[in-house]
Amino acid sequence: MQKKTLTRLLSVFLFVVSFNMTAEVTTEGEGSKDLKTEIKEYISHHLLDSYDFNLYSHDDENGEHQYIGFPLPVIIYDDGLKVFSSSKLKHDKGVAEVDGNYYKSYHGKLYKTNAAGELTYDEDHHPEGRIHADFSITKNVFTILVVSLLIFLMFSNMAKHYKKGPMPKGFGRALEPIILYIRNDIAIPNIGEKKYKRYMPYLLTVFFFVWIINLLGLTPLGINVTNNIAVTLGLALITYLLTTFTANKNYWKHVFWMPGVPWPMKIILAPIELLGTIIKPFSLMIRLYANITAGHIVLMSIIGLMFIFENWLGSSLSFLLAFALSLLELLVAALQAYIFTMLSALYFGAAVEEHHDAH
Amino acid sequence: MTIPSIVGAGLIVIGAGLGIGKIGGSAMDAIARQPEASGKIQTAMLIAAALIEGIGFAALFAA
Amino acid sequence: MDKLINEFSFGLFFWMLLIFILLVILLRKFAWKPILEAIETREDGIKGALDSAEKAKLEMLNLQSDNEKLLQEARAERESMMKEAREIKSKMVSDAKEEAQAEANKIIANAQIAIESEKKAAVAELKDQVASLSLEIATKVVKDELSNSDKQLKLVKDLLNDATLN
């Protein structure tokens, strides 16, 4: 009985939702083809970093495009340090004039232009004049900062509760099992009882950082941090450096002079193993980046499909699919954080392993 | 994207999918045979799947 | 790959590394260390409590068996004491009986001896008295009847000897 009413309510809800969405599109879009390119552009724009923090945009009554959000500082080193507000860039549309130089943002990157703001392209259709020494607080940097602050507050607060008593309070009760899981099921089995303590701060931080930032990417805030290769490279690089600098003699012996194999094999194995030390963090980087990027593209494409199907059946179906995919992405967000932590622990474990059976 | 690279990407996805599927299937078998070792099997399964996935992604980006 | 390299933003990479390393260092000092230490001390505490509980249980068991043993010993001792007492009692009774018997026997024997000697004395006295009486009687009789006193006395004596008294 209850189930029946629930199904009925759900179908009514879906119908209303799909109806509303098609209605929205018909007033907004002028044609199916334009809509498709618009969605494509929107997705590719969403995947990029931007110089201001903007939640959404809409056309107001006067037909002007309005952005809801706030500007962030742009910091570049180009003939001296230059700092200016990203509001000058006017969302890729304007040209910022700073100390006689002109800058323009294009697809989330800053370029030096002439006074008119015209970009020149090379033969590969890449715009020229890219500013490489760009230390701007972009949307992603801002998000990283906010998430870091959040994590710090969350866990330092949790640590304070431990001073008062043996049990955490409030939200810490939900976090403690995760910390214990990382310690008991990731760190100790992979690194070993003796040496795991040294790596615990990194493993815990990387797990919660990646997890929370992945989850944040699933919110409608339009933030997408882990699909930047720079972010995943930063994380993978730390894993690589930690592995390399804490590795013991045994590890290097396995890399350069594999014990237990005949000497011609040792010579062949050495470059492969050496390459392997770099491939491991590289695959860490690519995995996180690709999973999150692919997830976002697929999810947004299916959400976009809702606006392309202009009937209630197709749109509600794509809504259901998008809903299911969002749930899957929730799992992927945690799974990627887990795999990153797990594989980092595995690499650390290999680096500090004491005795190894010849294989 | 050119047609050969698209075909290559398809082949990569098929290969990686088959590999991960096989790992998953074998892990299921192993868990069914020894349910008490499911934790260890899951860990090994995830690691193996992650490695294949890594190779798959690397090839996809190269394609 | 080309797209990846093109997309790479050095600024983001720089900030990412800086913020993340700072985060790890800060969290290590202010969060992970106290949290992990607290968890460890708690686990140690729980382990210690469990161990001591186990120990107490064992001790309790020991104590119980000790008690049992003590009780058994006490019971055995009581048993043996009772037995001893019973033995002593029966011995005392039998001893007393024996003693009494002996005393009685002795008294009886003494009495018999006394009776015997009294009897003997009485018999001797009786013999004497009988003899003297008979003599007196005989004298009186003989005085009256016989002249020859010697002959008469001899006859009486023979007669008396014939009539033995028990």
task: Please work out which one of (1) closer than 22 Å to residue C:7 by Cα; (2) within 13 Å of chain C (Cβ to nearest Cβ); (3) touching a residue at least 12 places away in the same chain (Cβ under 8 Å) is the condition residue A:95 fails and give its number.
output: (2)
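Can you spot a residue in the stretch B:42-60 that is in a helix (DSSP H, G or I) and loosely packed, with under 12 Cβ neighbours inside 10 Å?
Of all residues in the stretch B:42-60, those in a helix (DSSP H, G or I) come to B:42-60.
Next, only the ones that are loosely packed, with under 12 Cβ neighbours inside 10 Å stay: none.
No: the stretch B:42-60 contains no residue that is in a helix (DSSP H, G or I) and loosely packed, with under 12 Cβ neighbours inside 10 Å.
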query: For the stretch A:200-233, how many residues meet the condition of being away from chain C (no Cβ under 11 Å) and either of a type in the set (Val, Ile, Thr) or closer than 27 Å to residue C:37 by Cβ (or both)?
result: 5
field: Condition met for residue C:116 (charged (D, E, K, R), over 30 Å from residue A:177 (Cβ atoms) and under 37 Å from the mean Cα position of the chain (by Cα))
entry: no
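State all residues of the stretch C:1-21 that are within 8 Å of chain A (Cβ to nearest Cβ) and not in a helix (DSSP H, G or I); if no residue qualifies, say none.
Let us first name the residues in the stretch C:1-21 that are within 8 Å of chain A (Cβ to nearest Cβ), namely C:4, C:6-17, C:19-21.
The answer is C:8, C:9.
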task: Looking at (1) surrounded by 19 or more Cβ atoms within 10 Å (Cβ to Cβ); (2) within 14 Å of chain B (Cβ to nearest Cβ), find the lone condition where residue A:188 falls short.
output: (1)
message: Condition (residue is among the β-branched types (Val, Ile, Thr), surrounded by 10 or more Cβ atoms within 10 Å (Cβ to Cβ) and at pLDDT 85 or above) applied to the stretch C:124-133: is it met by at least one residue?
response: no
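I'd like the full set of residues that are without any contact (Cβ under 8 Å) to a residue 40 or more places away in the chain and buried (at least 16 other Cβ atoms within 10 Å of the Cβ), limited to the stretch A:70-89. Please lay out each step first, then the result.
Step one: list which residues in the stretch A:70-89 are without any contact (Cβ under 8 Å) to a residue 40 or more places away in the chain, which gives A:70-71, A:79-85, A:87-89.
A:71, A:82, A:84, A:87, A:88, A:89 - these are the residues of the stretch A:70-89 that are without any contact (Cβ under 8 Å) to a residue 40 or more places away in the chain and buried (at least 16 other Cβ atoms within 10 Å of the Cβ).
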message: Any residue at all in the stretch B:24-39 that's in a helix (DSSP H, G or I), buried (at least 17 other Cβ atoms within 10 Å of the Cβ) and within 14 Å of chain A (Cβ to nearest Cβ)?
response: no
task: All but one of (1) part of a loop (DSSP other than H, G, I, E, B); (2) without any contact (Cβ under 8 Å) to a residue 60 or more places away in the chain; (3) of a type outside the set (D, E, K, R) hold for residue A:136, so report the exception by its number.
output: (2)
Answer residue from the stretch C:22-38, given it is more than 7 Å from every other protein chain (Cβ to nearest Cβ) and not acidic (Asp, Glu) and is surrounded by the most Cβ atoms within 10 Å (Cβ to Cβ) among those: C:33
query: Has the stretch C:59-66 got any residue that is over 42 Å from the mean Cα position of the chain (by Cα), surrounded by 10 or more Cβ atoms within 10 Å (Cβ to Cβ), more than 8 Å from every other protein chain (Cβ to nearest Cβ) and modelled with pLDDT of 90 or more?
result: no
task: Taking the options A:302, A:279, name whichever one is assigned to a helix (DSSP H, G or I) and under 20 Å from residue A:230 (Cβ atoms).
output: A:279
query: How many residues does the stretch A:156-177 contain that are within 12 Å of chain C (Cβ to nearest Cβ), of a type in the set (Gly, Ala, Ser) and in a helix (DSSP H, G or I)?
result: 3
task: Kindly provide the set of residues from the stretch A:221-272 that are more than 18 Å from residue A:345 (Cβ to Cβ) and of a type in the set (S, T, N, Q), ordered by number.
output: A:224, A:226, A:227, A:228
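For the condition out of contact with any helix residue (DSSP H, G or I) (no Cβ under 7 Å at 6 or more places or on another chain) and modelled with pLDDT of 85 or more, what is the one hit in B:40, B:22?
Details: B:40 fails: modelled with pLDDT of 85 or more.
Every option except B:22 fails the conditions.
Would you call residue A:255 of a type in the set (Val, Ile, Thr), in a helix (DSSP H, G or I) and over 25 Å from the mean Cα position of the chain (by Cα)? If you could, list the steps in order and put the result at the bottom.
On the way: of a type in the set (Val, Ile, Thr): yes; in a helix (DSSP H, G or I): yes; over 25 Å from the mean Cα position of the chain (by Cα): yes.
Considered against the rule, which asks whether it is of a type in the set (Val, Ile, Thr), in a helix (DSSP H, G or I) and over 25 Å from the mean Cα position of the chain (by Cα), residue A:255 comes out as yes.
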query: Any chance the stretch A:124-136 includes a residue that's within 29 Å of residue A:296 (Cα to Cα), out of contact with any Asp or Glu (no Cβ under 7 Å at 6 or more places or on another chain) and more than 14 Å from chain C (Cβ to nearest Cβ)?
result: no
message: Just to check your reading of the model, which residue among A:313, A:321, A:325 is assigned to a helix (DSSP H, G or I), under 24 Å from residue B:51 (Cα atoms) and away from chain B (no Cβ under 14 Å)?
response: A:325
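Can you find, within the stretch A:206-233, the residue that is modelled with the lowest pLDDT among those that are assigned to a helix (DSSP H, G or I) and under 18 Å from residue B:54 (Cβ atoms)? Can you show your working first?
Quick first cut of the stretch A:206-233, residues assigned to a helix (DSSP H, G or I) only: A:206-218, A:229-233.
Then keep just the ones that are under 18 Å from residue B:54 (Cβ atoms); that gives A:206, A:210, A:214, A:229, A:231-233.
Numbers: A:206: 93, A:210: 93, A:214: 91, A:229: 86, A:231: 90, A:232: 91, A:233: 91.
That would be A:229.
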- request: Kindly provide the set of residues from the stretch A:44-69 that are in contact (Cβ under 8 Å) with a residue 40 or more places away in the chain and loosely packed, with under 13 Cβ neighbours inside 10 Å, ordered by number.
  value: A:55, A:56
- prompt: Given the residues A:153, A:203, A:180, A:149, which is the only one that is outside any loop (DSSP other than H, G, I, E, B) and buried (at least 21 other Cβ atoms within 10 Å of the Cβ)?
  reply: A:203
message: Exactly one of these conditions fails for residue A:260: (1) in a helix (DSSP H, G or I); (2) at pLDDT below 85; (3) surrounded by fewer than 14 Cβ atoms within 10 Å (Cβ to Cβ). Give me its number.
response: (1)
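Residue-by-condition table, conditions (1) touching a residue at least 40 places away in the same chain (Cβ under 8 Å); (2) of a type in the set (Phe, Trp, Tyr):
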site: A:188; (1), (2): no, no
site: A:193; (1), (2): no, no
site: A:200; (1), (2): no, no
site: A:211; (1), (2): yes, yes
site: A:228; (1), (2): yes, no
site: A:240; (1), (2): yes, yes
site: A:252; (1), (2): no, yes
site: A:257; (1), (2): no, yes
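Sort out which residues of the stretch A:48-84 are touching a helix residue (DSSP H, G or I) at 6+ places or on another chain (Cβ under 6 Å) and among the hydroxyl-bearing types (Ser, Thr, Tyr), and write them in order of number. Don't jump to the end; show me each part of the working.
Taking the stretch A:48-84 and keeping what is touching a helix residue (DSSP H, G or I) at 6+ places or on another chain (Cβ under 6 Å), we get A:49-53, A:71-72, A:74.
Those that are touching a helix residue (DSSP H, G or I) at 6+ places or on another chain (Cβ under 6 Å) and among the hydroxyl-bearing types (Ser, Thr, Tyr): A:50, A:51.
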- request: Search the stretch B:44-63 for residues that are farther than 13 Å from residue A:339 by Cα and pair each with any residue that is not in a helix (DSSP H, G or I) when their beta-carbon atoms are under 9 Å apart and the residues are at least 6 apart or on different chains.
  value: B:61/C:1; B:62/C:1; B:63/B:1
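The values are calculated or read from the model by the stated rules, or taken from the named source; none is laboratory data. Being a predicted model, the structure only gives us computed values, none of them experimental. Virtual Cβ from ideal backbone geometry, glycine too; neighbours counted across all protein chains shown.
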